[in-house]
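First the structure, then my questions, so here it is.
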Amino acid sequence: MSTGNMNLTLKVWRQKNAQSAGKMVTYKAENISPDMSFLEMLDVVNESLILKGDEPIHFDHDCREGICGMCSLYINGRPHGPKRAITTCQLHMRSFHDGETITIEPWRAAAFPVVKDLAVDRSAFDRIQQSGGFVSVNTGGVPDANEIAIPKVIADEAFNSATCIGCGACVAACKNASAMLFVSAKISQLAMLPQGQPERWSRVQAMVAQMDAEGFGSCTNTGACEAECPKEISLTNISRMNNDYFSAKLFREEHVHEHGTSGE
Amino acid sequence: MSEFKQTFNSSLGKKLIMALTGLFLCTFLIVHLGGNLFLFRDDKGYGFNVYANFLAHFPPIEVIAYLLYLCIIVHSIYALVLTINNRSARPVTYVAHNDAPASWSSKNMGILGSILLLFIVIHMGDFWFTYKFNNVLGFKEYKTNLVTGDRTVTDFKPGYADFENSISTEGNNEIVRVKDLHARVVWSFSHLWYVVFYVIAMGAVSFHLVHGFQSAFQTLGWTHRKYTPIVKFIGTWLFAVIIPLGFALMPIVYYIQSLSK
Amino acid sequence: MNLDAKIPAGPLAEKWDKHKFNLKLVNPANKRKYDVIVVGTGLAGASAAASLAELGYNVKAFCFQDSPRRAHSIAAQGGINAAKNYQNDGDSVYRLFYDTIKGGDYRAREGNVYRLAQVSVNIIDQCVAQGVPFAREYGGLLDNRSFGGSQVSRTFYARGQTGQQLLLGAYSALNRQIHLGKVKMYTRTEMLDVVTIDGQAKGIVTRSLTSGKIDTHTGHAVLLCTGGYGNVFYLSTNAAGSNVTAAWRAHKRGALFANPCYTQIHPTCIPVTGSHQSKLTLMSESLRNDGRVWAPKTIAIAEQLRKGTLKADQVKEEDRDYFLERKYPSFGNLVPRDVASRNAKEMVDENRGVGGSGIAVFLDFADAIKRLGQEAVAAKYGNLFDMYYQITNEDPYKQPMRIYPAVHYTMGGLWVDYNLSTNVPGLYALGECNFSDHGANRLGASALMQGLADGYFVIPYTLGDYLATIGPKPVDANHPAFEKTKQEVVTRINTLLALKGTKTVNEYHRDLGHIMWEYCGMARTEEGLTKAKGLIQALRADFWKNAIVVGENEEVNASLEKAGRVADFLELGELMVDDALMRKESCGGHFRLESQTEEGEALRDDEHFTFVGAWEYKGDNQPEELHKEDLNFEFVHLTQRSYK
């Protein structure tokens, strides 16, 4: 063991598939370098499991640089682990100490059923986006990009909302498993930009209806989502969404037939 | 489903109702505290009893009062419905404790609200119900000399069963005969357990509103870089400090006074 | 085999317009009778699927991730080029075309590249209309910055996450079509084979990554938008899941693989820290706008830096060698990627490398911070600096970044003609999956441009021509080819699952990566490549004997997924080595030590190698056959690239 390397105890949720029951299983992670990322630490554990003929711990991951939003672990009671404003793949083992016990669980929400072990099905997010998270323009036939001038302050604010990576940490962090930070960020981005105006009032209605149909909880404004969001999406988005929703529902002509499709 | 029904059945619609009823209850607290400041006047309950009599017999106030009761009921029922929905949104809970950096009160609005509901039931049973529907309260007669301002107080026994109140003048004296709720206050606040219960409940008010007041603005979508700090200031200092403190002082002061009698 | 690129004749600027006019159209009522399969949902796939569905075709889209939004296009940081000339700094379609041809070291087709430059302007319009939040000036109009290999500012960007914002735009267009029922989306589904009937692509075989179910899907055409194969090097800036399987399966069904040895090594990545490392992280090329690359002038100082007895900021100005500025005064730090990478390697080879391992050079922002202030630097690059800090635990505001080249992009890919069709009719390749536009080296901010150009503005026209030719008759799902191909997939899976050896698949992948990096990386030699070929063959043979795969097919099985992908990399690796051996010249990212100028720059051999090398699969463990498509330069004069 080289200097500074750590031995850790992992308590990991194992669940064969969506149908079966799961349980916490304890593993040892030995000789872990503090320079490893959290996922690389799991890679090491998995290599040793495979060599024993055991099934590796399954977890979602892809880009491993904090942008694809695929990694998702709930580490020691916090989505994406103890550090602010990063994803699990950006978490490095130097944030832990030798001998520590680390509890690793999947995101917990009725709308995010477990696929296997630590991976969950977040297709609910896709369905919410499909219900209205777009500007209805076809390819071609659009104006020159500089014909739409957007004040920098608006563009920047819309950008802040657009940085959401759709990882679901907000849902995982919320005591109500509410998806409002995600949904409101998506709605806000387009609601702030001129391109999003024509469908602004129908979009918010459609997306909120789909969000409700997916079985997410509601918002109690605790701010846990904002605190845990790897991209630090602001709670202000939820406020904007609420405002738009009430305006749309109570004072606007646009009507959306509620066709919220439930999860598979 | 009608559009309004649809709206208020949505997760956001339910929150809208929570916010609106909550804010209405907040404004009531200001009025209620204002009136109750009469309790701090050393006038043998004159101001307080006249104020209570006014509230009970001025028709617009009565309408608002029933709106208030409705708000309390709706706020509680919707809170219950939302809590049940929110619980079912996470059927399997986490093993590791969630120490998400959110304020304690924001995460415990349900518990705080339940304490408040219990308090409101007991509080209203003791004062409102007793005042309105019970005949245990006596009457007081306040005779005020309009020239000197001197006031005397005596118990008053009405001549008939459904006597409510009366105001009359005899020469230089104004005679006011009203139900003596003040005596009930003195009696109630002479019991230590009752005082403790009140103080705890006011603590719950404080924690409930430190989150609740500004949260209502967030829910309504009324956030603004310039105004939200003001809302938070009011929510903290007025609703979470001054109002609960004001209410809590009443039982404490009366209890201390009762000890010296 | 005669490789006809189908480049239209005539003046450069008229080729595409003329071609569009000559392409057959499918009438609107008939479009709904065609099914199109799109594999992969990155920029190319999502934009193609959405655009084709808008036209009226029925699209089935597939991705192995849990959502189309996670495709690795999302990780592109710096920006997207377009010849808008909004900055009035002398840009034009022709200049973008010229920069791209030159940047690719004259190994790309003129016709393709010109078209790319032409449609680049439409891409920006399209993205803005979708609500993509590009960076803006205070006046509300779009901002630009500079990228390597050009002297104009034509790169549009969205902070350090242009890829995510563009992909979210394409994803939103895709979502709209899913909502309208024109696209059926299959997530967590991996394509494992192409089904051909009478030499035409008519469908695919997929495996559900959740249930293990093997399915066949029919389509009048199959579009592969499955990205590059950089993960053959094990360590790269690609996502963990990025793989060559779809393209390789197509290759084994007859599609030619062109220029496999053209690999882009990106100069500014965070250096490797240890053997546990699973990926390398890019630091955007945009950093070279303000960051200065340097290495210590002497080995003595480098040694002190490596030991940690001297800090980078303590090195005196006269002891620093800003080697890019010194060698390339006119482009300075913004030379193309292949040039910057090779120079960094040279520093390390001269024992002037820094960092604990000595395999790094510095990217220094001290001057920029002094000139602009820390706040302004943070506003421009804050998220990249944070990313660097998270990984290295070093503060780049105080000490210069340590950077070293890493595998980033693959210019090679499936051979396609001007219509993006492979040599297998009905099988198309878009984006990084094809070989077409970047020659031997891709310029920064051009990958996003090409992916979206292919998907939004090329395939919607060219596919119609093919579909109109074959007619709307439904594909027979009961054709025996489907069952046969499916059985072959099942057999292969069972063979993989039967591997119960002693070495994990990941170890094979890591070993392959070492071989590729060592012998087929930034500098290649005849001797090294020959050695690598033998090593890869031995490794592949060992894999099929001693690898261990656990679990079963009918469940989520990452071990099985990885095994299938690594098995394909083990075959591709050899082809890359073959291609590198065949190409005795140096060009762009392909640097043969035997072929360099006196100053150490890549020396092309235009007389013998002005062609696309397209390889035909001839059976397992058989040598592949090389086909040459000659590159004809009518408009650009081939010269030795110079950025001095």
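Results for (1) of a type outside the set (D, E, K, R); (2) more than 9 Å from chain B (Cβ to nearest Cβ), shown as yes or no for each residue.
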position: A:Ala162; (1), (2): yes, yes
position: A:Ala206; (1), (2): yes, yes
position: A:Ala209; (1), (2): yes, no
position: A:Asp212; (1), (2): no, no
position: A:Thr220; (1), (2): yes, no
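Among the residues of the range C:405-424, is any of a type in the set (Phe, Trp, Tyr), buried (at least 24 other Cβ atoms within 10 Å of the Cβ) and within 16 Å of the chain's Cα centre (by Cα)?
So the first thing to find is which residues in the range C:405-424 are of a type in the set (Phe, Trp, Tyr), and the list is C:409, C:415, C:418.
Then drop every residue that is not buried (at least 24 other Cβ atoms within 10 Å of the Cβ), which leaves C:409, C:415.
Okay, now just the ones that are also within 16 Å of the chain's Cα centre (by Cα), so C:409, C:415.
For the range C:405-424, residues of a type in the set (Phe, Trp, Tyr), buried (at least 24 other Cβ atoms within 10 Å of the Cβ) and within 16 Å of the chain's Cα centre (by Cα): present.
Another one. I'm trying to understand the selection: among the residues of the range C:179-190, which are out of contact with any His (no Cβ under 9 Å at 6 or more places or on another chain) and touching a residue at least 60 places away in the same chain (Cβ under 8 Å)?
To start, the set of residues in the range C:179-190 that are out of contact with any His (no Cβ under 9 Å at 6 or more places or on another chain) comprises C:179-185, C:187-190.
Answer for the range C:179-190, where residues must be out of contact with any His (no Cβ under 9 Å at 6 or more places or on another chain) and touching a residue at least 60 places away in the same chain (Cβ under 8 Å): C:Leu180, C:Lys182, C:Val183, C:Lys184, C:Met185, C:Thr187, C:Arg188, C:Thr189, C:Glu190.
Next up: Could you list, in sequence order, all residues of the range B:1-32 that are under 17 Å from B:Phe127 (Cα atoms), among the hydrophobic types (A, V, I, L, M, F, W, C) and surrounded by fewer than 17 Cβ atoms within 10 Å (Cβ to Cβ)? Break it down into steps so the answer makes sense when it comes.
Going through the range B:1-32, the residues under 17 Å from B:Phe127 (Cα atoms) turn out to be B:28-29, B:31-32.
Checking the rest, the ones that are also among the hydrophobic types (A, V, I, L, M, F, W, C) come to B:28-29, B:31.
Answer for the range B:1-32, where residues must be under 17 Å from B:Phe127 (Cα atoms), among the hydrophobic types (A, V, I, L, M, F, W, C) and surrounded by fewer than 17 Cβ atoms within 10 Å (Cβ to Cβ): B:Phe28, B:Val31.
Then there is this: Name every residue in the range C:600-637 that is open to solvent by less than 90 Å² (accessible area, probe 1.4 Å) and either at positive phi or free of Cβ contacts under 8 Å to residues at least 24 places away in the same chain (or both), in order of residue number. It would help to see each step written out before you state the result.
Taking the range C:600-637 first, the residues open to solvent by less than 90 Å² (accessible area, probe 1.4 Å) are C:600-606, C:609-617, C:619, C:624-627, C:629, C:631, C:633, C:635-636.
Within the range C:600-637, C:Gly600, C:Asp605, C:Phe611, C:Gly619, C:Glu625 qualify.
What pairs come out if I take residues in the range A:173-187 that are more than 10 Å from chain B (Cβ to nearest Cβ) and pair them with residues that are not in a helix (DSSP H, G or I) whose C-beta lies under 7 Å away, six or more apart or interchain?
A:Leu181/A:Cys229; A:Leu181/A:Ile233; A:Phe182/A:Cys164; A:Phe182/A:Gly166; A:Ala185/A:Cys164; A:Ala185/A:Ile233; A:Lys186/A:Gly133; A:Lys186/A:Cys164
Shifting gears a bit: Given B:Thr223, B:Thr236, which one is in the same structural domain as B:Ala56 (by TED's automatic domain parsing), open to solvent by less than 60 Å² (accessible area, probe 1.4 Å), in contact (Cβ under 8 Å) with a residue 24 or more places away in the chain and over 16 Å from the mean Cα position of the chain (by Cα)?
Details: B:Thr223 fails: in contact (Cβ under 8 Å) with a residue 24 or more places away in the chain.
The conditions single out B:Thr236.
Right, another one. May I ask you to say which residue of C:Ala117, C:Ala108 is over 16 Å from C:Asn441 (Cβ atoms) and either surrounded by 23 or more Cβ atoms within 10 Å (Cβ to Cβ) or within 12 Å of another protein chain (Cβ to nearest Cβ) (or both)?
On the way: C:Ala108 fails: over 16 Å from C:Asn441 (Cβ atoms).
The unique qualifying residue is C:Ala117.
Do we have any residue at all in the range A:179-186 that's more than 18 Å from A:Ala124 (Cβ to Cβ) and part of a loop (DSSP other than H, G, I, E, B)?
Going through the range A:179-186, the residues more than 18 Å from A:Ala124 (Cβ to Cβ) turn out to be none.
Within the range A:179-186, not a single residue is more than 18 Å from A:Ala124 (Cβ to Cβ) and part of a loop (DSSP other than H, G, I, E, B).
Determine which single condition A:Thr261 fails, assuming it passes every other condition in (1) in contact with a Lys or Arg (Cβ under 6 Å, 6 or more places away or on another chain); (2) modelled with pLDDT under 95.
Just one mismatch for A:Thr261, condition (1).
Can you spot a residue in the range A:92-111 that is within 10 Å of chain C (Cβ to nearest Cβ) and open to solvent by less than 10 Å² (accessible area, probe 1.4 Å)?
Taking every residue of the range A:92-111 in turn, at least one turns out to be within 10 Å of chain C (Cβ to nearest Cβ) and open to solvent by less than 10 Å² (accessible area, probe 1.4 Å).
Yes or no: C:Gln640 among the polar types (S, T, N, Q), open to solvent by 60 Å² or more (accessible area, probe 1.4 Å), without any contact (Cβ under 8 Å) to a residue 12 or more places away in the chain and out of contact with any Cys (no Cβ under 7 Å at 6 or more places or on another chain)?
Working: among the polar types (S, T, N, Q): yes; open to solvent by 60 Å² or more (accessible area, probe 1.4 Å): yes; without any contact (Cβ under 8 Å) to a residue 12 or more places away in the chain: no; out of contact with any Cys (no Cβ under 7 Å at 6 or more places or on another chain): yes.
Here the answer is no, as C:Gln640 does not meet what is asked.
Quick check on the range C:76-101: of everything there that is part of a helix (DSSP H, G or I) and surrounded by fewer than 22 Cβ atoms within 10 Å (Cβ to Cβ), which residue is farthest from the other protein chains (Cβ to nearest Cβ)?
Here the answer is C:Tyr98.
Now for a different question. Taking only pairs six or more apart or across chains, which ones have beta-carbon atoms under 8 Å, a first residue in the range B:205-220 that is over 28 Å from A:Leu250 (Cα atoms), and a second residue that is among the polar types (S, T, N, Q)?
Every condition considered, the pairs that remain are B:Phe207/B:Ser105; B:Phe207/B:Asn108; B:His208/B:Ser105; B:Val210/B:Ser103; B:Val210/B:Ser105; B:Val210/B:Thr236.
Could you say whether any residue in the range A:142-153 is within 10 Å of chain C (Cβ to nearest Cβ), of a type outside the set (S, T, N, Q), in a loop (DSSP other than H, G, I, E, B) and buried (at least 22 other Cβ atoms within 10 Å of the Cβ)? Step through it out loud before you land on a result.
Restricting attention to the range A:142-153, the residues satisfying the condition of being within 10 Å of chain C (Cβ to nearest Cβ) are A:142-153.
Then keep just the ones that are of a type outside the set (S, T, N, Q); that gives A:142-145, A:147-153.
Now restrict to residues that are in a loop (DSSP other than H, G, I, E, B): A:142-144, A:148-151.
Next cut, buried (at least 22 other Cβ atoms within 10 Å of the Cβ) only: none.
Looking for residues that are within 10 Å of chain C (Cβ to nearest Cβ), of a type outside the set (S, T, N, Q), in a loop (DSSP other than H, G, I, E, B) and buried (at least 22 other Cβ atoms within 10 Å of the Cβ), one finds none in the range A:142-153, hence no.
Here is a further query. Go through (1) open to solvent by 50 Å² or more (accessible area, probe 1.4 Å); (2) in a loop (DSSP other than H, G, I, E, B) for C:Leu535 and report which single condition fails.
C:Leu535 satisfies every listed condition except (2).
While we're on this one: Might you let me know whether the range A:121-130 holds any residue that is part of a loop (DSSP other than H, G, I, E, B), farther than 24 Å from C:Val128 by Cβ and either out of contact with any helix residue (DSSP H, G or I) (no Cβ under 9 Å at 6 or more places or on another chain) or within 9 Å of chain C (Cβ to nearest Cβ) (or both)?
Step one: of the range A:121-130, the residues part of a loop (DSSP other than H, G, I, E, B) are A:121-122.
Adding the requirement that they be farther than 24 Å from C:Val128 by Cβ leaves A:121-122.
Checking the rest, the ones that are also either out of contact with any helix residue (DSSP H, G or I) (no Cβ under 9 Å at 6 or more places or on another chain) or within 9 Å of chain C (Cβ to nearest Cβ) (or both) come to A:121-122.
Yes: the range A:121-130 contains one or more residues that are part of a loop (DSSP other than H, G, I, E, B), farther than 24 Å from C:Val128 by Cβ and either out of contact with any helix residue (DSSP H, G or I) (no Cβ under 9 Å at 6 or more places or on another chain) or within 9 Å of chain C (Cβ to nearest Cβ) (or both).
Okay, next question. Can you list the helices (runs of 4 or more DSSP H) lying wholly within the range B:1-109 that have 1 or more residues being more than 7 Å from every other protein chain (Cβ to nearest Cβ) and within 26 Å of the chain's Cα centre (by Cα)?
Details: elements: B:3-9, B:11-36, B:46-57, B:59-88, B:104-107.
Passing ranges, in order: B:11-36, B:46-57, B:59-88, B:104-107.
If I filter the range A:84-96 for residues that are farther than 22 Å from A:Arg14 by Cβ, more than 19 Å from the chain's Cα centre (by Cα), touching a residue at least 24 places away in the same chain (Cβ under 8 Å) and part of a loop (DSSP other than H, G, I, E, B), do I get at least one hit?
Checked against the condition, which is being farther than 22 Å from A:Arg14 by Cβ, more than 19 Å from the chain's Cα centre (by Cα), touching a residue at least 24 places away in the same chain (Cβ under 8 Å) and part of a loop (DSSP other than H, G, I, E, B), the range A:84-96 yields no hits at all.
Is it true that C:Ser73 is open to solvent by 10 Å² or more (accessible area, probe 1.4 Å), within 24 Å of A:Ile67 (Cβ to Cβ), touching a residue at least 60 places away in the same chain (Cβ under 8 Å) and outside any loop (DSSP other than H, G, I, E, B)?
Judged against the criteria, C:Ser73 is a match.
Which of the residues that make up the range C:39-70 are open to solvent by less than 10 Å² (accessible area, probe 1.4 Å), among the hydrophobic types (A, V, I, L, M, F, W, C) and more than 18 Å from the chain's Cα centre (by Cα)?
Once the filter is applied, which keeps residues that are open to solvent by less than 10 Å² (accessible area, probe 1.4 Å), among the hydrophobic types (A, V, I, L, M, F, W, C) and more than 18 Å from the chain's Cα centre (by Cα), the range C:39-70 yields C:Ala49, C:Ala50, C:Leu52, C:Ala53, C:Val59, C:Ala61, C:Phe62.
Which residues, counting only those in the range C:271-297, are closer than 24 Å to C:Lys327 by Cβ and not charged (D, E, K, R)? Outline the logic, then answer.
Taking the range C:271-297 and keeping what is closer than 24 Å to C:Lys327 by Cβ, we get C:271, C:282-297.
Passing the criteria: C:Pro271, C:Leu282, C:Met283, C:Ser284, C:Ser286, C:Leu287, C:Asn289, C:Gly291, C:Val293, C:Trp294, C:Ala295, C:Pro296.
Can C:Tyr461 be described as assigned to a helix (DSSP H, G or I), under 30 Å from C:Gly56 (Cβ atoms), within 14 Å of another protein chain (Cβ to nearest Cβ) and open to solvent by 20 Å² or more (accessible area, probe 1.4 Å)?
Numbers: assigned to a helix (DSSP H, G or I): yes; under 30 Å from C:Gly56 (Cβ atoms): yes; within 14 Å of another protein chain (Cβ to nearest Cβ): yes; open to solvent by 20 Å² or more (accessible area, probe 1.4 Å): yes.
Spelling it out, C:Tyr461 is indeed assigned to a helix (DSSP H, G or I), under 30 Å from C:Gly56 (Cβ atoms), within 14 Å of another protein chain (Cβ to nearest Cβ) and open to solvent by 20 Å² or more (accessible area, probe 1.4 Å).
For the range B:142-188, please list each of the strands (runs of 3 or more DSSP E) lying entirely inside it that holds at least 3 residues being more than 27 Å from B:Pro251 (Cβ to Cβ).
Once the strands (runs of 3 or more DSSP E) in the range B:142-188 are filtered for at least 3 residues that are more than 27 Å from B:Pro251 (Cβ to Cβ), what remains is B:166-170, B:173-179.
If I ask for residues that are in a loop (DSSP other than H, G, I, E, B) and open to solvent by 40 Å² or more (accessible area, probe 1.4 Å), which ones from the range C:541-568 would you list? Break it down into steps so the answer makes sense when it comes.
At the first step, the residues of the range C:541-568 found to be in a loop (DSSP other than H, G, I, E, B) are C:549-557.
Answer for the range C:541-568, where residues must be in a loop (DSSP other than H, G, I, E, B) and open to solvent by 40 Å² or more (accessible area, probe 1.4 Å): C:Glu552, C:Glu554.
The values are calculated or read from the model by the stated rules, or taken from the named source; none is laboratory data. All of these numbers come straight from a predicted model, not from anything done at the bench. Cβ: placed from backbone, ideal geometry, glycine included. Neighbour counts: every protein chain shown. Protein only, heavy atoms only, side chains kept; ligands, DNA and RNA dropped before computing areas. Shrake-Rupley method; radii C 1.70, N 1.55, O 1.52, S 1.80 Å.
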